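K.L.:
The structure that follows is given in the form of structure tokens.
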Amino acid sequence: MHSNRLLLAAELLAVCGAAIGDAQLQNGGFETTHTIAGATHPDQGFGVWRLGADGSAPTHWSLNPAYPGELTVLSDGAHARRNFVRIRGNGKRGQAHVYQPCPGLEVGKWYTVRAWVRGGSATLLFYEYFKDGTMKFPSVVAANAGPDKWEEVSGYYLCGGPGFTSASLAIVVEAGKRVDVDDVQIEEAPAMPAIDGLQPVVIENELTRIVLSPRGHLQEFVAKKGGVNYASPDTAVAMFSASRRGGEVPVSFVERKGAQLVIHFVDPKLEATLKVAAARRYFTFTVERASADLDWLQLCNLRLNLGDSVGTLVNAAWDKDFGACVLACNDLTHSYSADESRAALCARCYREFGMQGAKVALIGAPRSQLLDAIEEVELGEGLPHPMLNGKWIKRAPERFASYLMSHSVGEDNIDQVLEFAKGGFGCIELYPWHSTPTYGINRSLFPHGLAGLKTVADKIHAAGLQLGLHTMQAMVGWGRKDDPYVSPKADSRLLQSKHGTLAAAADAQAVELTVNEKSIRLPVDLASGEALALDSDGACALWRPGPGAKPGKKLKVKGANLLLQPGENRFELWCDAAKGAPR
């Protein structure tokens, strides 16, 4: 959904309805309907909505013409009263959107959104409109209910933000999915419990003092030298948050217990505990415990009045006097900048990769010491600390030299490449490997293996140039597909995703398979038309879609060596990363 945000924003600006009364949501039970005779709306190039035989549509709800599907108002088997709606995502755009403007929502308030669903999956989200013409689409909850029983789902929504004008609640059904929905409600979230007696959380080191309110908002990020408080006055953004079932869960309060910071959420069943430590120039937050059903946990959302320079790659911001940086300390932690124009320095961990042990470093330092502090984190937390000619690479003058990236440099042509590179390059970057993630030497370029690579490296260094090796970020599946990590048996430590289910058992001689899924998308090597696949036991196979193959069609296999055992009915389509593999 995120990949379509810009296009979605442009289309939805045309369908923002006028305010309807003062209620937060009307006709959430779909009890009142009206009949639409003929086409539901003009075709915008994506098809049109199809209604049930009687042409009924729920009053006060709008069918998004940019995301059409099927909608039927039904009465037999409703959750509570008479009616419910059945929505199917089958338009040309895939997703189907049914929405309603919500003019009664108040900026700065948290709301609980509830719905009863049955027989499929759907997402409840908001269309948010802003004065500058932009839109946002915060998700509230992702529902996935069984076929026979109504299930209640709920999530939280914080209304507003700078420049906010209005919002609409949308029910989104993905391509090929069908779901029943009933009794949608929006209620003001219960008041946060009293926090009388709880004190602000104060964390400090030699350079910076951080103060968090009992509600978890950043009150102070003070440079001890000069006493300037760089905390942004945007109090609507909490330092911590979490997601469950696709929707954000707000923090109720935070409290310090010795070296621990306990985060309590509005749902009393949810909690997270961080270990807090202060080094000379930086702080660390380490996840000790987190509720198992959280999708992700926000370890830091540092909003500061720093915007002269923003470095998104290192996740830092600074002005002439002071700077801040947020760094992930291990591979369980994702650090990122949420804004390229000002300091919005963030870090998260995810259930998919494991939360316990995720660790982030927060730096606040005078501008003249910011680089020193980053180096202190690298050394103190065991992060990579590359050196170049005896100097840390972030201080080495060679870091500004141009580099020549060449995929085909090898033993036979290095002399010609060097003549060209001497014209102004400082480094030659090679691709000496033939497959990932083991990076075996490409014998077509280096017939003498590592010895040949060393000969090339010696020539590059003798010419006064640096040597770089391009590693493709330790990916799995780049290059040849016979890498020992994936063939003939995939390493059990590979993190696998995107599975499909065979419509019938396959034997080891099969050359054609049929899958049940209609929306599966194969990751295909554009050069060869091949895609890597893994079965349930980790065996590897090469798949080649047949001519004109589309989702749901039969998939041709390159050769017959599938390594699938008779009776197996599952295979994996791709490896995203080599979790736990040797580095």
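K.L.:
So for region 255-268 (the condition being at pLDDT below 95 and touching a Lys or Arg at 6+ places or on another chain (Cβ under 8 Å)), does at least one residue qualify?
P.N.:
yes
K.L.:
Being assigned by TED's automatic domain parsing to the domain that holds residue 117, touching a strand residue (DSSP E or B) at 6+ places or on another chain (Cβ under 7 Å) and modelled with pLDDT under 95 is the requirement here; does residue 38 meet it? First the steps, then the outcome.
P.N.:
Working: assigned by TED's automatic domain parsing to the domain that holds residue 117: yes; touching a strand residue (DSSP E or B) at 6+ places or on another chain (Cβ under 7 Å): no; modelled with pLDDT under 95: yes.
Here the answer is no, as residue 38 does not meet what is asked.
K.L.:
With the structure loaded, tell me whether residue 374 is closer than 30 Å to residue 228 by Cα, touching a residue at least 40 places away in the same chain (Cβ under 8 Å) and not in a loop (DSSP other than H, G, I, E, B) or whether it fails that test.
P.N.:
yes
K.L.:
Take residue 460 and tell me if it is crowded, with 18+ Cβ neighbours inside 10 Å and either touching a His at 6+ places or on another chain (Cβ under 7 Å) or not assigned by TED's automatic domain parsing to the domain that holds residue 374 (or both).
P.N.:
It is true that residue 460 is crowded, with 18+ Cβ neighbours inside 10 Å and either touching a His at 6+ places or on another chain (Cβ under 7 Å) or not assigned by TED's automatic domain parsing to the domain that holds residue 374 (or both).
K.L.:
Looking only at region 472-480, decide whether some residue is in a helix (DSSP H, G or I) and either in contact with a Gly (Cβ under 9 Å, 6 or more places away or on another chain) or free of Cβ contacts under 8 Å to residues at least 60 places away in the same chain (or both).
P.N.:
Yes, region 472-480 contains at least one residue that is in a helix (DSSP H, G or I) and either in contact with a Gly (Cβ under 9 Å, 6 or more places away or on another chain) or free of Cβ contacts under 8 Å to residues at least 60 places away in the same chain (or both).
K.L.:
For region 207-222, check the following and say yes or no: at least one residue is among the charged types (D, E, K, R) and in contact (Cβ under 8 Å) with a residue 40 or more places away in the chain.
P.N.:
no
K.L.:
Could you list, in sequence order, all residues of region 66-90 that are outside any loop (DSSP other than H, G, I, E, B) and of a type in the set (Lys, Arg)?
P.N.:
Answer for region 66-90, where residues must be outside any loop (DSSP other than H, G, I, E, B) and of a type in the set (Lys, Arg): 86, 88.
K.L.:
Still on this model: Restricted to region 315-336, and to residues that are buried (at least 16 other Cβ atoms within 10 Å of the Cβ) and in contact (Cβ under 8 Å) with a residue 60 or more places away in the chain, which residue is farthest from residue 274 (Cα to Cα)?
P.N.:
In this case the residue turns out to be 322.
K.L.:
Moving to a separate point now. Given 238, 242, which one is part of a loop (DSSP other than H, G, I, E, B) and surrounded by 16 or more Cβ atoms within 10 Å (Cβ to Cβ)?
P.N.:
238
K.L.:
Let me ask something else about it. Within region 411-427, work out how many residues are under 40 Å from the mean Cα position of the chain (by Cα) and either among the charged types (D, E, K, R) or loosely packed, with under 13 Cβ neighbours inside 10 Å (or both).
P.N.:
Of the residues in that region, 1 qualify.
K.L.:
Right, here's the next one. For residue 398, indicate whether it is within 38 Å of the chain's Cα centre (by Cα) and assigned to a strand (DSSP E or B).
P.N.:
In short, no.
K.L.:
Going residue by residue through region 432-443, is there one that turns out to be in a helix (DSSP H, G or I), touching a strand residue (DSSP E or B) at 6+ places or on another chain (Cβ under 7 Å), buried (at least 17 other Cβ atoms within 10 Å of the Cβ) and outside the structural domain of residue 494 (by TED's automatic domain parsing)?
P.N.:
The initial filter retains those residues of region 432-443 that are in a helix (DSSP H, G or I), namely none.
No, every residue in region 432-443 fails to be in a helix (DSSP H, G or I), touching a strand residue (DSSP E or B) at 6+ places or on another chain (Cβ under 7 Å), buried (at least 17 other Cβ atoms within 10 Å of the Cβ) and outside the structural domain of residue 494 (by TED's automatic domain parsing).
K.L.:
Here is a check on your reading of the model: is residue 224 of a type outside the set (A, V, I, L, M) and either closer than 30 Å to residue 59 by Cβ or at pLDDT 95 or above (or both)?
P.N.:
Numbers: of a type outside the set (A, V, I, L, M): yes; either closer than 30 Å to residue 59 by Cβ or at pLDDT 95 or above (or both): yes.
Against the criterion (of a type outside the set (A, V, I, L, M) and either closer than 30 Å to residue 59 by Cβ or at pLDDT 95 or above (or both)), residue 224 qualifies.
K.L.:
Additional query: For residues in region 47-82 being in contact with a helix residue (DSSP H, G or I) (Cβ under 9 Å, 6 or more places away or on another chain) and either free of Cβ contacts under 8 Å to residues at least 40 places away in the same chain or of a type outside the set (S, T, N, Q) (or both), which is nearest to residue 176 (Cα to Cα)?
P.N.:
67
K.L.:
Something else: What number of residues in region 345-366 are among the aliphatic types (A, V, I, L, M) and within 21 Å of the chain's Cα centre (by Cα)?
P.N.:
The qualifying residues number 6.
K.L.:
Continuing with the same structure: Test residue 304 against the stated conditions and say whether it is in the same structural domain as residue 221 (by TED's automatic domain parsing) and within 13 Å of residue 346 (Cα to Cα). Walk me through it before giving the result.
P.N.:
Values: in the same structural domain as residue 221 (by TED's automatic domain parsing): yes; within 13 Å of residue 346 (Cα to Cα): yes.
When the stated conditions are applied, residue 304 passes them.
K.L.:
If you don't mind, another one. Mind listing whichever residues of region 220-278 are more than 28 Å from residue 323 (Cα to Cα) and of a type in the set (Ser, Thr, Tyr)?
P.N.:
Answer for region 220-278, where residues must be more than 28 Å from residue 323 (Cα to Cα) and of a type in the set (Ser, Thr, Tyr): 243, 252.
K.L.:
Additional query: If you take the residues of region 269-279 that are part of a loop (DSSP other than H, G, I, E, B) and either buried (at least 18 other Cβ atoms within 10 Å of the Cβ) or under 25 Å from the mean Cα position of the chain (by Cα) (or both), which of them is modelled with the highest pLDDT?
P.N.:
This residue is 270.
K.L.:
Another question, if that's okay. Could you run through region 180-233 and say how many residues are part of a loop (DSSP other than H, G, I, E, B) and either of a type outside the set (Gly, Ala, Ser) or closer than 30 Å to residue 78 by Cβ (or both)? Break it down stepwise before answering.
P.N.:
Initially, region 180-233 is screened for residues part of a loop (DSSP other than H, G, I, E, B), giving 189-200, 205-207, 213-217, 224-228, 230, 232-233.
Narrowing further to those that are either of a type outside the set (Gly, Ala, Ser) or closer than 30 Å to residue 78 by Cβ (or both): 189-190, 192-193, 195-196, 198-200, 205-207, 214-215, 217, 224-225, 228, 230, 233.
Residues meeting the conditions: 20.
K.L.:
May I pose another question? Out of the residues in region 126-145 meeting the condition of being over 16 Å from the mean Cα position of the chain (by Cα) and closer than 15 Å to residue 177 by Cβ, tell me which one is surrounded by the most Cβ atoms within 10 Å (Cβ to Cβ). I'd like the intermediate steps shown before the answer.
P.N.:
So in region 126-145, the residues over 16 Å from the mean Cα position of the chain (by Cα) come out as 126-135, 143-145.
The next check asks that each one be closer than 15 Å to residue 177 by Cβ; those that pass are 143-145.
Numbers: 143: 25, 144: 15, 145: 21.
Result: 143.
K.L.:
Follow-up. Just to be sure before I move on: is residue 99 within 23 Å of residue 41 (Cα to Cα) and more than 22 Å from the chain's Cα centre (by Cα) in the structure I sent?
P.N.:
yes
K.L.:
Sort out which residues of region 280-301 are buried (at least 20 other Cβ atoms within 10 Å of the Cβ) and either of a type in the set (A, V, I, L, M) or in the same structural domain as residue 141 (by TED's automatic domain parsing) (or both), and write them in order of number.
P.N.:
287, 290, 294, 297, 299
The values are calculated or read from the model by the stated rules, or taken from the named source; none is laboratory data. If you're wondering where the values come from, they're calculated on a predicted model, not measured in any experiment. All Cβ positions, even for glycine, are placed from backbone atoms using ideal geometry, and neighbour counts span all protein chains on display.
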